[in-house]
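Structure first, then comments.
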Amino acid sequence: MAAAHPMKTSTRLRARLKLLRLSLLRFEFRIAPTEQQRLFILTLLIGVVCGFTAVGFHFAIAFFEQQLISRAMAARGPQWVVWTIVSPALGFHGLTDGHPEVFFQQLGMLVVTAMDAVAIGLLLSTVVASSS
């Protein structure tokens, strides 16, 4: 009866390394987030960004209220009523300062920002809808 040839050390080492790689791959698949978990994380991140945006919007309103309404209300005589109503519509550096080009530039930026917001909203709703 012939003795069985023992496996070479290098072959045994390769087999153990392959088993180790497979165990690591199984472990990675076990800890990797599922699609539902990734969607939940994305939803949380969007909520945080929207929260910070809302707070920033609140601060922007307070800032521009002070810059526009407070200055208009500090005007002398009965014209403060007109300036309080008209100044938010015309903009701080707009037509009230005699610079219509700045007003139209700000109006253009407002339109572009609104279009970007709509596009991002549509994109996110498409992503969420396609992942379901």
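Restricted to helices (runs of 4 or more DSSP H) entirely inside region 1-103, those with at least 2 residues that are at pLDDT below 85 and among the polar types (S, T, N, Q) are 9-31, 79-90. Within region 27-83, how many residues are among the aliphatic types (A, V, I, L, M), more than 30 Å from residue 129 (Cβ to Cβ) and without any contact (Cβ under 8 Å) to a residue 12 or more places away in the chain? The number of residues fulfilling the criteria is 8.
The values are calculated or read from the model by the stated rules, or taken from the named source; none is laboratory data. Every value quoted in this text rests on a predicted model; they were computed, and no experiment measured them. Positions of Cβ are backbone-derived with ideal geometry, glycine not excepted, and every protein chain shown enters the neighbour counts.
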